[in-house]
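**Student:** Mind looking over this structure? Questions follow.
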Amino acid sequence: MTAPVLSVGILVADIFVPPIARLPESGELVSTDDFLVQAGGCAANTAIVLGRLGVPATVVGRVGDDLFGDLVEQYLEARSIGTSGVLRTPGSGTSKTVALSVVGDDRRFFHTFGANGALTAEDIPRAALEESEVVYVGGYLVLPALRQAELAERFRLARASGTRVVLDVVVPTDRDDLSLDDVRELLPLADYFLPNEDEARMLTGETDPRAQAGRILEAGARTVIIKRGGGGAYVRSEAEAFELPAPPIDAVEPSGAGDAFAAGLIVGLLEGWSLERSARYASVIGASACRALGCYAGTFTRDEADAYLAAHPEWAHEAGAA
């Protein structure tokens, strides 16, 4: 039986070092609490959060033919996430990230891109596209073999079968030539486009979220949600536009918040909720990812989300367009 959600994109073996008071001096050994080692990347993160919210998902992505590839697959399977779309790439290592947190300072990352560089649109199974209710693609723009024209064809197949499309991006840090042309063919085929504020700035040249959303809609998007971290979110479609503040939460670190936001939005799509209710729920789930070390250990389960909304009724009810 096909899972209702197909989660496509980056797969990583994540290694999180617990927060330390300071960086070690040259040659110095610093002792910490145990490292957190888990599957990560947008495809895995979104699928895992969906699972916590009671929604089955199947992952599509690439790992290397190595021990870290085994870790990613086994980690997902242990959480009842479909791995039939996880492909091995001989000759490439599985992507890995080491995240280092220093108290009072921003995080530092060490990353190897690995097998993610081989992911193509043809790796997304046609049958799964046609049978799923929602296909989520994350990490577009940073995946070099996932080309726009070929991905657009996959989106057309999905839409022809009534499958809804959610598109997220990761902007390469070494590129300063990005523009809306890099997503223009995909925007009309995606039901929801979810860049963060920095990504939207790099695509549009605009610094204000309202102007960013306006430019993206002019380029053909149906609905765009600009994720603003602690600043909340700005949502715009042809019919409505509104801002949402960030939900109150005791934050530890923000890794995975954007992927959790996408998972919360997908729950709203599957439930048939309005755009505002879905965006509010997505904001709450995204914020909950910040409660613990790692990308999803702190994310709410469905019951926990319901309890949070009951305790914060301002987030459970629509306020109307703004």
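The values are calculated or read from the model by the stated rules, or taken from the named source; none is laboratory data. The shown structure was predicted, so the numbers you read here are calculated from the model rather than taken from an experiment. Cβ: placed from backbone, ideal geometry, glycine included. Neighbour counts: every protein chain shown. Remember, those area values only see protein heavy atoms, side chains included, never the ligands or the DNA or RNA. Shrake-Rupley method; radii C 1.70, N 1.55, O 1.52, S 1.80 Å.
**Student:** Take the residues in segment 177-202 that are touching a helix residue (DSSP H, G or I) at 6+ places or on another chain (Cβ under 8 Å) and of a type in the set (Asp, Glu), then tell me which one is nearest to Pro144 (Cα to Cα).
**Tutor:** Step by step, filter segment 177-202, then rank; the result is Asp182.
**Student:** Quick one: which strands (runs of 3 or more DSSP E) sit completely within segment 181-255 and have at least 3 residues that are of a type in the set (A, V, I, L, M, F, W, C) and surrounded by fewer than 23 Cβ atoms within 10 Å (Cβ to Cβ)?
**Tutor:** Correct list: 241-244.
**Student:** A further question on this structure: Can you tell me which residues in segment 88-129 are buried (at least 17 other Cβ atoms within 10 Å of the Cβ), over 28 Å from Leu23 (Cα atoms) and touching a residue at least 40 places away in the same chain (Cβ under 8 Å)?
**Tutor:** Those that are buried (at least 17 other Cβ atoms within 10 Å of the Cβ), over 28 Å from Leu23 (Cα atoms) and touching a residue at least 40 places away in the same chain (Cβ under 8 Å): Ala115, Asn116, Ala118, Leu119, Asp123, Ile124, Pro125, Ala128, Leu129.
**Student:** Let me ask you something else. Could you check segment 1-40 and list, in sequence order, the residues that are open to solvent by 10 Å² or more (accessible area, probe 1.4 Å) and either in a helix (DSSP H, G or I) or touching a helix residue (DSSP H, G or I) at 6+ places or on another chain (Cβ under 8 Å) (or both)?
**Tutor:** Thr2, Pro4, Ile10, Val37
**Student:** Has segment 256-271 got any residue that is more than 12 Å from the chain's Cα centre (by Cα), within 21 Å of Val98 (Cβ to Cβ), surrounded by fewer than 24 Cβ atoms within 10 Å (Cβ to Cβ) and free of Cβ contacts under 8 Å to residues at least 60 places away in the same chain?
**Tutor:** No, segment 256-271 has no match at all.
**Student:** Give the residue that is farthest from Leu269 (Cα to Cα), with candidates limited to residues of segment 208-236 that are β-branched (Val, Ile, Thr), touching a helix residue (DSSP H, G or I) at 6+ places or on another chain (Cβ under 6 Å) and free of Cβ contacts under 8 Å to residues at least 40 places away in the same chain.
**Tutor:** Ile226
**Student:** Here's a check for you: in segment 164-180, which residue that is in contact (Cβ under 8 Å) with a residue 40 or more places away in the chain and open to solvent by less than 40 Å² (accessible area, probe 1.4 Å) is nearest to Ser132 (Cα to Cα)?
**Tutor:** Filtering segment 164-180 for residues that are in contact (Cβ under 8 Å) with a residue 40 or more places away in the chain and open to solvent by less than 40 Å² (accessible area, probe 1.4 Å), the one nearest to Ser132 (Cα to Cα) comes out as Val166.
**Student:** May I ask you to list the residues in segment 297-316 that are open to solvent by 10 Å² or more (accessible area, probe 1.4 Å) and among the hydroxyl-bearing types (Ser, Thr, Tyr)?
**Tutor:** Thr301, Tyr308
**Student:** Let me ask something else about it. If you take the residues of segment 256-298 that are aliphatic (A, V, I, L, M) and assigned to a loop (DSSP other than H, G, I, E, B), which of them is farthest from Val12 (Cα to Cα)?
**Tutor:** Within segment 256-298, the match that is farthest from Val12 (Cα to Cα) is Ala292.
**Student:** Let me ask you something else. Is it the case that Leu275 is over 14 Å from Arg52 (Cβ atoms), at pLDDT 95 or above and out of contact with any Gly (no Cβ under 9 Å at 6 or more places or on another chain)?
**Tutor:** no
**Student:** Test of understanding: among Ala99, Ala158, which residue is in contact with a Ser or Thr (Cβ under 9 Å, 6 or more places away or on another chain) and over 30 Å from Arg236 (Cα atoms)?
**Tutor:** Only one candidate passes the filter, namely Ala99.
**Student:** Right, Val17: within 20 Å of the chain's Cα centre (by Cα) and touching a residue at least 24 places away in the same chain (Cβ under 8 Å) or not?
**Tutor:** Criteria not met by Val17.
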